[in-house]
1. Give me a count of the residues in segment 329-354 that are away from the ligand (no atom under 12 Å from the Cβ) and at negative phi.
2. Does segment 387-416 hold any residues that are at pLDDT 95 or above and surrounded by fewer than 20 Cβ atoms within 10 Å (Cβ to Cβ), and which are they?
3. Here is a list of conditions, (1) assigned to a loop (DSSP other than H, G, I, E, B); (2) in contact with a strand residue (DSSP E or B) (Cβ under 6 Å, 6 or more places away or on another chain), and residue 71 meets all of them except one; can you say which number that is?
4. With the requirement that a residue be touching a Leu at 6+ places or on another chain (Cβ under 7 Å) and either within 20 Å of residue 27 (Cβ to Cβ) or assigned by TED's automatic domain parsing to the domain that holds residue 169 (or both), what does segment 245-262 give you?
5. Can you name the strands (runs of 3 or more DSSP E) wholly within segment 92-185 that have at least 1 residues being within 15 Å of the ligand (Cβ to nearest atom)?
6. Hey, could you check segment 199-213 for residues that are buried (at least 23 other Cβ atoms within 10 Å of the Cβ) and more than 16 Å from the ligand (Cβ to nearest atom) and say which is farthest from the chain's Cα centre (by Cα)?
7. Run residue 28 past the list (1) among the charged types (D, E, K, R); (2) farther than 30 Å from residue 257 by Cβ; (3) in contact with a Ser or Thr (Cβ under 7 Å, 6 or more places away or on another chain); (4) within 14 Å of the ligand (Cβ to nearest atom) and report the number of the one that doesn't hold.
8. Out of all the residues in segment 116-135, which are of a type outside the set (Gly, Ala, Ser) and under 22 Å from the mean Cα position of the chain (by Cα)?
Amino acid sequence: MSSHGEARAMVSRKSAGLRGQAEVPGDKSISHRALILGALAVGETRVSGLLEGQDVLDTASAMRAFGAEVEKRGDVWHVTGVGVGGFAEPAQVIDCGNSGTGVRLIMGAMATTPISATFTGDASLNKRPMARITDPLRQFGAHAYGRSGGRLPLVLVGAEQAMPVRYATPVPSAQVKSAVLLAGLNAPGETVVIEREATRDHSERMLAGFGAVISSEDGPEGRVITLQGQPELRPQVIAVPRDPSSAAFPVCAALITEGSDVLVPNIGLNPTRAGLFFTLQEMGADLVFENPREEGGEPVADLRARFSPNLRGIEVPAERAASMIDEYPVLSVVAAFAEGRTHMPGVKELRVKESDRIEAMAVGLRACGVTVEAGEDWWTVEGRGFGAVPGGATVATHLDHRIAMSFLVLGLATEAPVTVDDGGPIATSFPVFEPLMRGLGADLGAADADPAR
Ligand code: S3P
């Protein structure tokens, strides 16, 4: 079952060269943050290029439930905020669907307001760890009552009198960092987050844009981020850049599909997000950053990816993991077509994403004829070289959009088709994946569309 509907099996088959331009949707991380900070500002924030994936739409509904006005007029989303500390107590359960980012950031944003809310999600989200969020939120004075292991459904009671917090994140997680910073907005004094490894910094950039006083410094303990509490956030006009994590799919598909030449324009290359593209270049990919420029304070370029028959397996530096954490599934697909072994250490966090992504990819790749070894925080893929990956399996996607898209990319270059049990969750982050890929020439679609094949 998809998070929001019936399971929909999909299949992909060996394709002739992918060609053309791939206009991928807006960045998921930035879209969530634009809605949440817009809801906490005083006045009307306008957002263009918002990702209209289910994850973000669920965050929009949640912001309405907390009292903000959120509506789309023409192509622009208008968010009328209630001000820091102004969230109203929601009258209904907040259902964040499949979205860890949505639920974790929203819990942070309400934790220092004296209201309570009940949070839930789909079967995937309700399995994911929430203690990593509720632990620091308790330090602000909030109370959380969840299922065992701190899992959803969970009731969060916001602090009556919030205290500022100094918190060293125990796991490299932008969601944890962001939840603490959002909670710190309505605490008096300075809230400090220390992260040993830098994770995506969209919250810090956007908080500064909304007028919060926030600074980041790199020191011996890692990155120290300091936020002054109780600012008045000023509404913003935000143009959401396109999502590098979605760009990864047409880029990787082009690299492994013979005869491909694909342009993916306007992709944000924030260094805390762009690790995959540098990794692919190290593997020998014909991937070029064209027309590099700055837009809205973020580095941006057009990505040109061409078929790359001579990819090599590499050691992916563990310290790069945070900057490409969502891209390991599709990287492992590219690694299957490389010569030699790709070793991916330092990736324990992959086990607590929408699915256990190491396990899901390992099982599916093995079923498609690829040798994979895995430990708790590492995995290796033995590349078979171009034209030598059998495919021919049906793979379980475990309500995980990136597992579904990764295996559909794999099937574009395997000898036999690859089927995924459910492509429904793709709509959480990349609702136009299927038409976009087909527009490039990819042979993929509903598994039952043509039973004769
Ligand atoms: C995200 C952070 C990452 C990433 C997720 C989006 C964010 O999760 O996997 O897709 O927007 O902050 P973690 O922070 O848990 O690593």
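The values are calculated or read from the model by the stated rules, or taken from the named source; none is laboratory data. All of these numbers come straight from a predicted model, not from anything done at the bench. Backbone-built Cβ (ideal geometry, glycine too); neighbour counts: all protein chains shown.
1. Count: 15.
2. Just the residues of segment 387-416 that are at pLDDT 95 or above, to begin with: 388-416.
Matches in segment 387-416: 388, 390, 392, 394, 396, 415, 416.
3. The number of the failed condition is (1).
4. Correct list: 247, 248, 250, 251, 253, 262.
5. 166-168
6. It comes out as 212.
7. (2)
8. 119, 120, 122, 125, 126, 127, 128, 129, 130, 132, 133, 134
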